[in-house]
Number of protein chains: 2
Amino acid sequence: MMYNAKVILLSLMVLLTSTAFQQPTPGVVPEYTADAQLKFPEHYRQWVYLTTGFDMSYNPAMQMADHHMFDNVFVNPEAYKTFVETGTWPDKTMLVLEGRGAEGKGSINQKGNYQSTETMGVEVHVKDEARFPGKWAFFAFDDAKPATMIPTTASCYSCHADHAAVDTTFVQFYPTLLPIAKVKGTFSAAYRKEIAASAQK
Amino acid sequence: MMYNAKVILLSLMVLLTSTAFQQPTPGVVPEYTADAQLKFPEHYRQWVYLTTGFDMSYNPAMQMADHHMFDNVFVNPEAYKTFVETGTWPDKTMLVLEGRGAEGKGSINQKGNYQSTETMGVEVHVKDEARFPGKWAFFAFDDAKPATMIPTTASCYSCHADHAAVDTTFVQFYPTLLPIAKVKGTFSAAYRKEIAASAQK
């Protein structure tokens, strides 16, 4: 019966159409130029916020005098969702570190510091397993133009490898993710050693 | 022709089904208990991040000794989108202020401060025009239980009304929104006066 065939065909169309629209919207993935530069992740301020540091430094002798600085960390929503489920990062994770100027007194604020409209560089840590031999790479942006990968000889790679709590990322400074990694048992060997050493002090 | 009627009916179903799936997911709106308490906005950490303050205070004499504190501000994504388009907040806006402890030395950090896993209260500023005579209301949460509205006689209402840059909110401390409000011309009369006064100094 021709009649039933058409009805079945249309029913299949209904099914396919509705399934297509149930797919999640395509996620954020790192995009590169033809010469392997990373494109600036322009919507990162609408990604999931992880934390903010104030005047953080690995160097105790670092002097900033009257100058203060905030750094805000964001991650693409798909990677955040996977971290919450698994305690570690999926392929195509992008972590963004935004440096931002600090103001002191201003408007009704009399003490402490608030963030200024001035950004002071954006650094991106990308997990792209097929592209980077060490799975992850760093890129530093001065503006919204594409950026060249920081060479793997730079100290950021060895420091992250030697000290970061989860998969070369500093989850020990991300307050909502640290308890998840602890429960999921995804701490790096280096970080387990650091915890054990500080417990003996 | 019965046959065509069925085809038309099924085509309509395809259209309706696909339209339904094209609708955006329902947005965040403030939810209340039967006795008018505000329910805790449990997913606020996945909303849009606005800024972080460090040890901010309206009181110059405020002493915190060795104790430091961060406060992080988030807004529901629909309200953020409207602010970017219009320079002000729509009905059902929810701004969340999360207080968070500050750590100093720890792991590889030698200077400055990072955020701890300890939250120190969550305050919510809600715009709900039909519900609150002054359009906005404040609620303070100690935990994830519903919270009672802070009475309008509290100083937060008068301070926000007298000093906030846009629609009783402190957009002067939100670095990505301040330039938008300036361009859209949505500064409050009080904030215009403050800018004029500080320009004359």
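Only the coordinates and a few stated rules stand behind these numbers; no lab work does. The structure presented is a predicted model; accordingly, all values stated were derived computationally and were not measured. With ideal geometry, Cβ positions are generated from the backbone for all residues, glycine too; neighbour counts draw on all protein chains shown.
Taking amide H positions as modeled 1.01 Å from N, with prolines and chain starts lacking one, the residues under 5 Å from A:Thr51 and 5 or more places away or on another chain are A:Val73. Within the shell defined by Cβ-Cβ distances under 14 Å, the residues around A:Lys201 carry a net charge of +1, with Lys and Arg each +1 and Asp and Glu each -1. Multiply the residue separation of A:Lys135 and A:Lys105 by 0.36 nm, subtract the distance between their alpha-carbon atoms, and state the gained length in nm to one decimal. Stretched out fully, the A:Lys135 to A:Lys105 stretch lengthens by 6.4 nm.
For region B:32-154, the relative contact order comes to 23 percent (Cα pairs under 8 Å, sequence separation of at least 6). Applying the Karplus relation 6.51 cos²θ - 1.76 cosθ + 1.60 with θ = phi - 60° to region B:87-102 yields 3J(HN,Hα) values of x, 8, 9, x, 4, 6, 5, 10, 9, 10, 10, 9, x, 9, x, 10 Hz, where x marks Gly and Pro. Between A:Ala154 and B:Met120, what is the spin-label point distance in nm, taking each point 7 Å from the Cα along the Cα→C-beta axis? My value for the distance between the label points is 3.5 nm. For B:Val183 and B:Thr86, the difference between the fully extended length at 0.36 nm per residue and the C-alpha to C-alpha distance is 33.9 nm.
Simple rule: put +1 on each Lys or Arg Cβ and -1 on each Asp or Glu Cβ in region A:83-201, find the dipole, and look at A:Ala181, A:Ala144, A:Ser116; the Cα lying farthest toward the positive end is A:Ala181. Between A:Lys92 and A:Lys127, A:Asp128, A:Glu129, the built amide H atoms are under 5 Å apart, and every one of these is 5 or more places off in sequence or on another chain. Divided by 2.2 N^0.38 Å, where N counts the residues, the Cα radius of gyration of region A:28-151 comes to 1.19. An ellipsoid equivalent to region B:88-201, defined through the eigenvalues of its Cα gyration tensor, has semi-axes of 28, 23, 13 Å when rounded to whole angstrom and sorted largest first. Here is how far apart the B:Pro179 label points are across copies: 3.7 nm, shortest first, using a point 7 Å from Cα toward Cβ.
Backbone phi angles across region A:125-139, fed through the Karplus curve with coefficients 6.51, -1.76 and 1.60 (θ = phi - 60°), yield HN-Hα couplings of 10, 10, 9, 9, 4, 6, 8, 10, x, x, 6, 10, 8, 10, 9 Hz in residue order; Gly and Pro are listed as x. Distance between the C-alpha centres of region A:98-118 and region A:144-201: 29 Å, rounded to the whole angstrom. Here A:Asp142 yields copy-to-copy label distances, from shortest upward, of 5.3 nm, the label point defined as 7 Å from Cα along Cα to C-beta.
Non-local lysine pairs in region A:28-151, meaning eight or more places apart or on different chains, with alpha-carbon distances under 21 Å, amount to 12.
Each copy carries A:Asp35; placing its label point 7 Å along the C-beta direction from Cα gives inter-copy distances of 6.8 nm, listed from smallest up. Using the Cβ of A:Gln172 as centre and a radius below 11 Å, the other residues enclosed give a net charge of -1, where K and R count +1 and D and E count -1. Using the average count of surrounding beta-carbon atoms within 10 Å as a protection proxy, the listed peptides B:114-121, A:140-147 rank, highest first, as B:114-121, A:140-147.
Residues with beta-carbon under 10 Å from that of A:Met120, excluding A:Met120: net charge, scoring Lys, Arg +1 and Asp, Glu -1? After counting each charged neighbour, the total is -3. Legend: mean number of C-beta atoms from other chains within 10 angstrom of residue C-beta atoms, peptide B:100-113, equals 6. Between A:Lys193 and B:Ala36, the simple spin-label model (points 7 angstrom out along Cα→Cβ) gives 6.1 nm. The phi-based Karplus calculation (6.51 cos²θ - 1.76 cosθ + 1.60; θ = phi - 60°) puts the 3J(HN,Hα) values of region B:110-119 at 10, 9, x, 9, 10, 7, 8, 6, 8, 8 Hz, whole numbers, x for Gly and Pro.
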